[in-house]
Amino acid sequence: ALTDFIDTLSDSGVTEKNKLGYVGFSSEGYSNRTIPLKTFDSVKRKKIKAATPLSTSGGTFTQNGLRQAGELLSEQNGHKKVIVLLTDGVPTCSY
């Protein structure tokens, strides 16, 4: 799903004006990588593919993922900001 999402954005013709970041959000204790916001083309394939595990483990800690994404977008700069949440299931962990 992540690859399809990135491909759709790549084909849209608007990526030169957009930045992209990444937040993994398994339950605590599992490898949860974060990629700070950077230009779309510098992040889109190689870095996100390396950060995304081939298989999942642990619980789904959606609250933590959304909190970290909000922190990535917290800079007040007048830009429009969007969080896209992709998950394999319902949250199984919470604060």
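Observations
- Search result, residues across region 7-26 that are within 27 Å of Thr92 (Cβ to Cβ) and over 11 Å from the mean Cα position of the chain (by Cα): Ser26
- Residue in region 20-39 that is assigned to a helix (DSSP H, G or I) and out of contact with any Phe, Trp or Tyr (no Cβ under 6 Å at 6 or more places or on another chain) present: no
- In region 29-48, the residue that is most open to solvent (accessible area, probe 1.4 Å) out of those that are at pLDDT 85 or above and farther than 25 Å from Gly89 by Cβ is Asp41.
- Residues that are of a type in the set (A, V, I, L, M), under 16 Å from Asp41 (Cβ atoms) and part of a loop (DSSP other than H, G, I, E, B) within region 1-19 comprise just one, Val14.
- Test: residue in region 8-28 that is of a type in the set (Phe, Trp, Tyr) and open to solvent by 60 Å² or more (accessible area, probe 1.4 Å): no
- From the list Ala69, Ala51, the one residue that fits, being at pLDDT 90 or above and not polar (S, T, N, Q), is Ala69.
The values are calculated or read from the model by the stated rules, or taken from the named source; none is laboratory data. Only a predicted model underlies this, so the values are computations on that prediction, with no experimental measurement involved. When we count neighbours, we look across all protein chains shown, and the Cβ atoms used for this are built from the backbone with ideal geometry, even at glycine. Areas reflect the complete protein model, heavy atoms only, side chains present, ligands, DNA and RNA absent. Shrake-Rupley method; radii C 1.70, N 1.55, O 1.52, S 1.80 Å.
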